[in-house]
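Just so it is clear, none of the values below were taken in a lab; they were calculated from the coordinates. Worth saying up front: this structure is predicted, and the values here are computed from it rather than measured. As a convention, Cβ positions derive from the backbone with ideal geometry for all residues, glycine included, and neighbour counts pool all protein chains shown.
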Amino acid sequence: MKILAINPGSTSTKIAVFDNKREMFRKVLTHTPEDLALFSNNNEQIPYRKQMILDALCENSLSIQDIDVFSTRGGGQCSHIGGTYKVNELMVKEAHDEKYASHPALLGCQIAYQFCQETGKSAFMVNSPATDEMKQVARITGMKGVYRICYCHALNQKEVAHRYAASIGQDYTDLNLIVCHIGGGVSVTAHENGRMIDTNDILNGDGPMAPNRVGSIPAVNIINLCYQVNSREKVMKYVRSQGGLYDHLQTFDAREIVCRIKNGDVYAKNIYDAMVYQISKYIGSMYTALHCHVDAIILTGGIAHDTYLTEGIKNYIGGLAPIVIMAGEFEMEALANGAYEAVTRQSFYEYSGIPVWNESLLYKR
């Protein structure tokens, strides 16, 4: 069974083809600013990205007809429990209409659905960013009508959690884990018996400082900033893409920052150490969310390759639970594994478009 995994991002589309669970090839299809400037919105990019996928298949002696099943990164759906979902018309419409979000990731299910229509095959979405398994108590804030949402690196987090469980001969649903994905954004999540019961919202300015995101800062400072810059777009850039290490050091690259630290840059050291401290502090908060019963703490994502960072985190929270380093990301493997299980075990969900939580549940026991 040949599986095509599709993972669209802001400046690239990652694809990979698997024969069952064996990778045949993978490729990063890069989209230059000049190419993207030709399109007025994300949806207009679909034919362009789709043709690049077809060309990459052809370069590897494959056609779209050779693919048995498609698997895609999610995006643009309402909140739903984790797992694999069959791509359906409702899911595609919500992504196309940008009902819940606006991001190139929303193109994944649309492209996969078009391939399905052309080939008669099926497509699946695996552990999307809208995966929401949070406990109600974790949602409530000090402002009525404002609630925390689960927006984290669910695809990679769930995959490394499953991999760790398999490595020790256990099932993911039998473990309590804290998984910390450290990339451009940082998500720290409490996994309780297979469910992500609490996390920080990486999209909307919650959690530790990250390479390109401000993380949690006092609300009054944000209010003042809104009046100072008088631009919602500029403030959102601080929150989502140009804050954190980038605002301090004008780079997202942890390798460059560590090099600067080794060369005696005191300011770079103090800023990077602050991020290490904040990540550690959030890991500690998730330890509490799991009633202080944690089987392991997993550090994953691209920056988990950096021993300066991982050793710094260990110095803070090493006494809480065993620390496991699973550096890098395993999103393409996760997409393939989800589709494989969906087909071979007929194990998948139907997307309903009904959010998993709403405010009325606060008035029910």
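Extension gain for LEU38 to ASP265 (0.36 nm times residue separation, less C-alpha to C-alpha distance): 77.6 nm.
In this rough spin-label picture, where each label sits 7 Å from Cα along the Cβ direction, the CYS292-ALA219 distance is 3.0 nm. From the alpha carbon centroid of segment 174-190 to that of segment 300-365 is 6 Å. Just to confirm a number: summing +1 for Lys and Arg and -1 for Asp and Glu over residues other than SER79 whose beta-carbon lies under 10 angstrom from that of SER79, what do you get? Its environment carries a net charge of -2. Shape class for segment 1-152: prolate, because the ratio a/c of the largest to smallest gyration tensor axis (alpha-carbon atoms, square roots of eigenvalues) is 1.5 or more and a/b beats b/c. For segment 189-282, the set of chymotrypsin sites (Phe, Trp or Tyr not before Pro) satisfying both a DSSP loop assignment and a count of at most 14 other C-beta atoms within 10 Å is empty.
Close amide-amide hydrogen proximity is noted between TYR351 and LYS86, each under 5 Å apart and 5 or more residues distant or on a separate chain (H modeled in the peptide plane; Pro and chain starts excluded). Within the shell defined by Cβ-Cβ distances under 14 Å, the residues around LYS14 carry a net charge of 0, with Lys and Arg each +1 and Asp and Glu each -1. Here is the list for segment 5-40: trypsin sites (Lys or Arg not before Pro) lying in DSSP coil, each with at most 16 other C-beta atoms within 10 angstrom of its C-beta, are LYS21. By its C-alpha gyration tensor, with a ≥ b ≥ c as the square roots of the eigenvalues, how is segment 24-109 shaped: rounded for a/c under 1.5, else prolate for a/b larger than b/c, else oblate? Cα axes put segment 24-109 in the oblate bin. The calculated FRET efficiency for the pair SER285 and ILE140, based on their C-beta separation and a Förster distance of 22 Å, comes to about 0.90. When the C-alpha to C-alpha distance is required to be over 23 Å, the pairs from LYS27/LYS50; LYS2/LYS27; LYS21/LYS158; LYS50/LYS234 that qualify are LYS50/LYS234. Dividing the mean sequence gap of close Cα pairs (under 8 Å, 6+ apart) by how many residues segment 136-328 holds gives a relative contact order of 21 percent. Please work out whether the chain counts as rounded, prolate or oblate from its C-alpha gyration tensor, where a ≥ b ≥ c are the square roots of the eigenvalues and a/c under 1.5 means rounded, while otherwise a/b larger than b/c means prolate and anything else oblate? Rounded.
What's the local net charge at ASP66, with K and R +1, D and E -1, over the other residues with C-beta under 12 Å away? Charge balance in the 12 Å sphere: 0. In the chain, helical runs assigned H by DSSP with n ≥ 4 each contribute -39500 (n - 2.57); averaged across all residues and rounded to the nearest 500, the mean residue ellipticity at 222 nm is -12000 deg cm²/dmol.
Computing FRET efficiency as 1/(1 + (r/R0)^6) for ASP97 and SER241, where r is the C-beta to C-beta distance and R0 is 22 Å, gives about 0.40. Straightening the chain between ARG345 and GLU233 buys 35.8 nm, computed as 0.36 nm per residue apart minus the Cα-Cα spacing. Under 18 Å from the 7 Å Cα→Cβ point of THR251, by amide nitrogen: which residues of segment 307-323? So the set is 307-310.
Full extension of the chain between LEU54 and VAL28 yields a length gain of 8.0 nm, computed as 0.36 nm times the residue separation minus the alpha carbon distance.
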